[in-house]
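What follows is a set of notes on a single structure, which appears directly below.
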Amino acid sequence: MHTLLPLTLAALLTACAPTSAPSPAADAGPRLTGAPGAAFVFDAGDTPAASLSWRLGRTPAGAQPELIDAHSPNPVLVPDLPGQYGLILTACDAFGDCVESETWARVLESAQQTSASFAVAAITADTAVGLGQAVALDGTGSMGDDLTYLWRLQAAPAGSALTETDIRRYAQAEAWFLPDVEGSYTVSLYVEDNNGWDMTRVDIVVGSGDAPPTAVAASSTDEAEVGELVGLDGTGSFDPDTAELTWRWAFTRLPADSTLTNGDIDGRWTDTASFTPDVEGEFGLKLVVEDSLNADRDDLGEILVSSYADDNEPLPDTYVDDNDPLED
């Protein structure tokens, strides 16, 4: 997902030339939203690495947050001002090869504020192309008001000479680049509006000789109550080569006061899973499917969880009638 981004976001994205894809995999875990005064606990439990460290990225102007246990899988961010705080995870293997992943915490102005109007980044792209074929990148599915866009080439295969500037129309909603060697490329998209920023990424395999799988994630509902079981369905996922797939469900967004972890997803390593929300707020999940060589990811839209303590009170507009048919 173009015009120049605001300087605040551009400062976050320090230019760096891509290198050969490092061996460790970094997953900075869910993005967190919470009320003022909350402590934000992050989760890098899905990151296999010999060592890892966290650092702050972009923070609100004038903020002086505290980051505790920055070399553990579960650091704690203690913010001092409302706004959005970026965190960057660096994971390294035993040979010193490192890779980064980003996430954020959003501190609301008040406990009553919602995050429904914040920017959401989304990418559509072919995840398998032949060498010499241009890769089209489409960020028009992103949501927000008067969005600005920035595409970033995050990683490229060994032997590639591509840099950030080789993504054409890098500050537009639709961009493209031309791979110069076979292998796996990682492209990130950052979007920003007046309310906040968001980022997502996609892996593109060039000339691999093996078609990647396609992940398709669905949920039984997009609105639920605290304590209500939410079903997750990945049975629509497929591999063009009919290769055997592996599955992994994980949270991408959690309310700050939730105590859930990825381990609380029942059937996490299967095509059908479920979880039970423990607090009100927005929950996001992703499904990652892999064959022997490639992987694909599909993100669910946010699941809004509410609590109705008094059945005699009028129901809010977001009430879910269990007798209604579930949406496809």
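Quick note: the coordinates plus some simple rules give every number you see, no bench work behind them. What you are looking at is a predicted structure, and each value in this text was computed from that prediction instead of being measured. We place every Cβ from the backbone using ideal geometry, glycine too, and count neighbours over all the protein chains shown.
Taking all Cα pairs closer than 8 Å and separated by 6 or more residues, the relative contact order of the range 218-306 comes to 37 percent.
Comparing the range 211-292 with the 2.2 N^0.38 Å rule of thumb, its C-alpha radius of gyration ratio is 1.14 (two decimals). Spin-label model, Glu280/Gln64: points 7 Å from Cα along the beta carbon direction are separated by 3.4 nm. Compared with the rule-of-thumb size 2.2 N^0.38 Å for a compact globular protein, the range 172-237 has a Cα radius of gyration ratio of 1.63.
Summary value for the range 154-212: 31 percent relative contact order, contacts being C-alpha pairs under 8 angstrom separated by 6+ residues.
What the Kirkwood sum gives for the range 147-204 is a hydrodynamic radius of 12.0 Å, with every pair of different alpha carbons counted. Is any residue of the range 123-151 close enough, with backbone N under 12 Å, to a label point placed 7 angstrom from the Cα of Leu178 along the Cα-Cβ axis, and if so, which? Within reach of a label on Leu178, which here means backbone N under 12 Å from a point 7 Å along Cα→Cβ, the range 123-151 contributes 132-135. Each of Leu293 and Ala161 was given a label point 7 Å from its Cα along the Cα-to-Cβ line. The distance between the two points is 2.6 nm.
When you restrict to C-alpha pairs under 8 Å that are six or more residues apart and normalise by the size of the range 18-107, the relative contact order lands at 37 percent. The dipole here belongs to the range 124-206: it is taken about the Cα centre, uses +1 on the Cβ of Lys and Arg and -1 on the Cβ of Asp and Glu, and is about 220 debye. In this simple spin-label approximation, Ser307 and Leu229 carry label points 7 Å from Cα along the Cα→Cβ vector, and these lie 2.2 nm apart. Loop-located chymotrypsin sites (Phe, Trp or Tyr not before Pro) in the range 183-284 (DSSP state not H, G, I, E or B) with no more than 11 neighbouring Cβ atoms inside 10 Å: Trp269. Which shape class applies to the range 75-166: rounded if a/c is under 1.5, otherwise prolate when a/b exceeds b/c and oblate if not, where a ≥ b ≥ c are the square roots of the Cα gyration tensor eigenvalues? Judged from the Cα gyration tensor, the range 75-166 comes out oblate (a/c at least 1.5, b/c at or above a/b).
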